[in-house]
Amino acid sequence: MKIHVYAALKDYFQPEFEVSQLVTNTDELKAVLLTLNDKAGDILSSCRFAVEEGFIDNAFKLNQYDTVVIIPPASGG
Amino acid sequence: MADSTVEIPALNGLPLDIVRLLSLAHHPGAGAVVLFSGEVRDSNRGQSVAWLEYEAHAPLANTLIAEILAMAKQRWALHTAIAQHRVGRVDIGDTAVVVITASAHRSEAYAANKYIIDRIKHEAPIWKCEHYTDGTKEWGNNCNCHTVTGDAARHIYEHDR
């Protein structure tokens, strides 16, 4: 599964990387990401997730071929 | 003069041409045109700001801003709704975001304009990194509604207050 992160998340992770563990939803993905950086808990709890240019929630079933975009809280304007 | 809700890109890597955007907003049925320009100031929370760097997830931002403009046009019967946001480096005094609304009367144009900028600031996947004059930088001023609503997808809007 490919992961793309933006903005402040780049202080915790590489902009693009891959997760090899089997994850089927966003909660499981968050748990895997915390094993990569346990300091990312606060910011991950405030993020939204997107697949194929649409926001998803924990009910969305992820598969290993998805590219997941992790969206921190907005700060435009 | 044009109905420019969808024709104008929501993101722009070059300085925003406010005069051109305003020229596109005029409409024979509009007695009021409201233009909001969000500009980069030289200080924030006691820090001296040198410039801002904006990053966006372009596909999501384009889609979301188009939806916001369409909703505003319908809700306030606008003749024109335009929004464009900078990406990349934006210097002090430069425009980071423009929202223009045109309607028959001013109350609708004002209300719609506030609604649009409010939702863009809370929801659009656009982020600013503040570069300070001391050489440090920080991603900041994030929407923190989730600390109240408990849901990153739920927001508290100024236009609802």
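For chain B, what is the percent of antiparallel DSSP beta bridges, rounded to the nearest 5?
On the way: 30 of 32 bridges.
Of all bridge pairs located within chain B, approximately 95 percent are antiparallel.
Let's test the formula: R0 of 30 Å, r as the Cβ-Cβ distance of residue A:34 and residue B:144. What FRET efficiency results, to the nearest 0.05?
Numbers: r = 21 Å, r/R0 = 0.70.
After rounding to 0.05, the efficiency reads 0.90.
Given labels modelled 7 Å from the Cα in the Cβ direction, how far is it in nm from residue B:35 to residue B:105?
According to this spin-label approximation, the distance is 2.5 nm.
Counting only DSSP beta bridges with both residues in chain A, tell me the antiparallel percent, nearest 5. Could you put the intermediate results ahead of the total?
Details: 10 of 14 bridges.
About 70 percent, rounded to the nearest 5.
Below 14 angstrom from the Cβ of residue B:60, what's the summed charge of the other residues (Lys, Arg +1; Asp, Glu -1)? Please report the intermediate quantities before stating the final value.
Numbers: positive: A:48, B:119; negative: A:52, A:53, B:55, B:67, B:123.
It works out to a net charge of -3.
Can you tell me which of B:41, B:20, B:106 moves the most in a GNM of chain B? Springs connect C-alpha atoms under 10 Å apart.
B:20
Can you tell me the dipole magnitude for the protein assembly as shown around its Cα centre, using point charges on the Cβ only (Lys, Arg +1; Asp, Glu -1), in Debye to the nearest 20? Before the final figure, lay out the partial values.
Values: 21 positive and 30 negative charges, 105 e Å.
In total the dipole reaches around 500 debye.
Which residues' amide hydrogens lie under 5 Å from the amide hydrogen of residue A:68, considering only partners 5 or more residues apart or on another chain, with H built in the peptide plane?
For residue A:68, the qualifying residues are A:2, A:3, A:4.
Could you tell me which of rounded, prolate or oblate describes segment A:2-71, using a ≥ b ≥ c as the square roots of the eigenvalues of the alpha-carbon gyration tensor, with rounded for a/c under 1.5 and, failing that, prolate when a/b is larger than b/c and oblate otherwise? Mind dumping the intermediate values first?
Values: a/c = 1.40, a/b = 1.30, b/c = 1.08.
Verdict is rounded for segment A:2-71.
So how far, in whole Å, is the C-alpha centre of segment A:7-77 from the one of segment B:83-150?
23
Quick query: amide H of residue B:50 versus all other amide H atoms, modeled in the peptide plane; which residues come in under 5 Å with a sequence gap of 5 or more or a different chain?
Those qualifying (amide H under 5 Å, at least 5 residues apart or on another chain) are B:131, B:132, B:133.
Once you list every other residue whose beta carbon is under 13 Å from the beta carbon of residue B:83, what net charge do they have if Lys and Arg are +1 and Asp and Glu are -1? Each step should come with its number before you reach the end.
Working: positive: B:73, B:86, B:114, B:119, B:121; negative: B:7, B:67, B:118, B:123.
Once all neighbours under 13 Å are counted, the net charge is +1.
If packing is taken as the average count of other Cβ atoms within 10 Å, what order do B:73-83, B:42-52, B:115-125 fall into, highest mean first? Mind showing how you got there, number by number?
Values: B:73-83: 20.9, B:42-52: 14.1, B:115-125: 23.5.
Top of the packing list down: B:115-125, B:73-83, B:42-52.
My understanding is that a pair violates if its Cα-Cα distance is over 20 Å; which of A:10/B:128; A:2/A:30; A:2/A:61; A:30/B:121 do that in this structure? Don't skip to the end; give the middle numbers.
Working: A:10/B:128 13 Å; A:2/A:30 14 Å; A:2/A:61 15 Å; A:30/B:121 25 Å.
Beyond 20 Å between Cα atoms: A:30/B:121.
In nm, to one decimal, how far is the modelled label at residue A:17 from the one at residue B:157, with both set 7 Å along Cα→Cβ?
Each label point is offset 7 Å from its Cα along the Cβ direction, giving 3.7 nm.
What 222 nm value per residue comes from the helices of chain B, counting each DSSP H run with n ≥ 4 as -39,500 (n - 2.57) and dividing by all residues, nearest 500 deg cm²/dmol?
Numbers: 4 runs with 49 residues, N = 161.
After summing the helix terms and dividing by residue count, I get -9500 deg cm²/dmol.
The numbers here are math on the coordinates, done by the rules we state, and not lab data. These figures come from a predicted structure and were not determined experimentally. FYI the Cβ positions are ideal-geometry reconstructions off the backbone, even for glycines, and counts take in every protein chain you see.
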